[in-house]
Every structure is written in C-alpha cells, then in structure tokens.
Amino acid sequence: MPQISPWPGGAQCAVMFTFDFDAETLWISRDPSNWKRPGTLSQGTYGGKVGVPNILQLLRDYGLKATFFVPGWTAEKYPGRLQAMLRDNHEIGHHGYLHEWIDPDFPDQEREALEKGLEALKTTVGVRPAGYRSPAGETSQNLMGLLSEYKFLYDSSLQDDINPYQLQLSPGVPGPMELPWHWSLDDAPYMLFSLKNPRPIMTNSHVLQIWREEFQEIYRYGGLFNLVCHPQVIGRPSRLALLREFIDFTLRFPKVWYATGREVAEAWIKSGEIEKQEYIKIG
C-alpha cells in the first residue's frame, strides 16, 4: 500500500464510472450486414433511447460525475443525449467514429477514424475530448502516436496496471497518461448476448460479487477502480438496480474519490507519481 496517497484530499482510492455509449455502432462495426437487421440494431437503439437518460438520472441521484466515451457516429445520431451529459457536467471522451476495431496493418484507417471522431464531437456538441478509449480495447503503436500528435491527455485502452502511468512512445518521448481498465470490470462479458456470439447471461449477484471484491482489493492497494459500462447493457432496469447497489457499497468506504478520466489523469500528474514510475514503452 502507498505510504502517501496520490489522490486529492488524501483519498484512499479513486473510482471512475465510465460508459461507452456505442449505440448501434457496436453491432454495425464488426458486421455491416446488421444495417439490414433492425432487431439486432434495436439493442443499440435502447442505449440511446432509454439507457442514457436513466443512467443520467441515477448519476444525478448520487451527485456523481462520469466519463462517457462516444463514437462520432453516435454523437451525430444522438446529439441531444450528449448535450444532456454536458449539462450535468459529465466528461465526453473519444471512442472512434464507427466503433472500429483497430487494425495495425492499416494506419491510414486509424488516423481517419480518429479525425472523423474528433470532427463529429466538435460539430455536434463543441467538445474537444481530453481522453480516448479504443473500441474493444484494441489499440496499436501507431494509434498511441496519433493520440500524442493530437495532444490527448490520456488513454484508457490497456489492462496492465491498477494505477495510472505515462506511456513512452520512444526513448525519451513521453506519451499520454494511461488509465487502465479490465474485462472483469466491464458489464458486457456478463450481460451482452447475441445470436452470433452467444454467452451466458449472469445474474446481478454474480456480477456484484466480482465488482465488490475487485473494488475492495483495489481500495486496499490505493489504486484506480475503472468501471466500464454500456448504456444498452447496464441501462436495463434490473442492471441499473445492480449499479445502484454497487455504488451504495462503495459509499460505505471512507476516503473514496469519485472522478472523471480527465480529473484522474490531472491528479496523477499533479501528485508527481509519474516521476516515480518506470515508463511503459509502446513499440
């Protein structure tokens, strides 16, 4: 456990509630034939139609700020939902344009998706995001370089720590901050089902036990708890109840700092922790 807390106010750990607002892009990006399948697409539509408003109300009830990672296509279709996020002082991050999975063999496509996503967020709601999360956590050396080129403060695509750290793009060249996540703290593996990729649908008690136990240990280590949810998944009525129950659980612990991705990255830099860490080299 750390001798001195790196978190504001001497907090024991930091908690990020993040929501990947993929909407229909989750279903389109990997299988374009789903454009013709309204039944499949309707799962994503639920996220924009029902999930986001209910999540925003839940966050209002607790007075919490969250980070919503949004593909550019989603911003273009649901600008009103993004405006509602901004009215409640939530952060909006970059999440590709059409939720494209990164292919390192096609760097031009990586740049195109990044630029189209930036332009969509700018033209729809006037946002220049500080943070980026790669769809499905797929990233590349080239993409990390693009994030530095476009002056992103942080990335949240890797799974190799429970603390933030600064990436190194090449010897002596620091990159953006990394805010790690993990599949065990993602709602999709437990709750997202499709006919082409069937998987068991877990009960709330199963998921809650995993999230609680992971939170307790990250709290003990003084690290960053980065929860990844999707409005079309966590936005279902019983799953919202799960999220409420989990938030209530974390509130039992003293000195928990709830923050957006930008706040976490800025706090870690301000604390001087990046000067104590070994660089993680990309490439």
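Read the figures in this text as sums done on the coordinates, not as results from a lab. Fair warning: this is a prediction, and the values are worked out from it, not measured in the lab. In this analysis, Cβ positions are derived from the backbone assuming ideal geometry, glycine residues included, and neighbour counts consider all displayed protein chains.
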**Complete:** Per its Cα gyration tensor (rounded if a/c is under 1.5, else prolate when a/b beats b/c, else oblate), segment 163-267 is best filed as oblate
**Fill in**
Env charge @ Gly223, Cβ radius under 10 Å, K,R +1 / D,E -1, value -1
**Request:** With a ≥ b ≥ c taken as the square roots of the eigenvalues of the C-alpha gyration tensor of the chain, please select rounded if a/c is under 1.5 and otherwise prolate if a/b is larger than b/c or oblate if it is not?
**Result:** oblate
**Prompt:** Which trypsin sites (Lys or Arg not before Pro) does segment 86-187 hold that lie in a coil by DSSP with at most 16 other beta carbons within 10 Å?
**Reply:** Lys151
**Dipole magnitude of the chain about its Cα centre (Cβ charges: Lys, Arg +1; Asp, Glu -1), debye to nearest 20** = 960 debye
**Message:** Ignoring everything except DSSP H segments at least 4 long, calculate the 222 nm mean residue ellipticity for the chain; use -39,500 (n - 2.57) per segment, divide by total residues, nearest 500.
**Reply:** -12000 deg cm²/dmol
**Request:** Can you bin segment 55-146 into rounded, prolate or oblate? Criterion: square roots of the alpha carbon gyration tensor eigenvalues sorted a ≥ b ≥ c, rounded for a/c under 1.5, prolate for a/b above b/c, oblate for the rest.
**Result:** prolate
**Complete:** Of Gly261, Gly48, Gly272, the most mobile residue in a GNM of the chain (C-alpha springs, cutoff 10 Å) is Gly272
**Message:** For the chain, set up a GNM with springs between Cα atoms under 10 Å and report which of Asp103, Asp155, Asp186 has the largest fluctuation.
**Reply:** Asp103
**Request:** Beta carbons within 10 angstrom, averaged per residue: use that to sort the peptides 26-38, 214-226, highest first.
**Result:** 214-226, 26-38
**Size of charge dipole - segment 40-121 - debye, nearest 20, with Cβ of Lys, Arg +1 and Asp, Glu -1, no other charges** = 640 debye
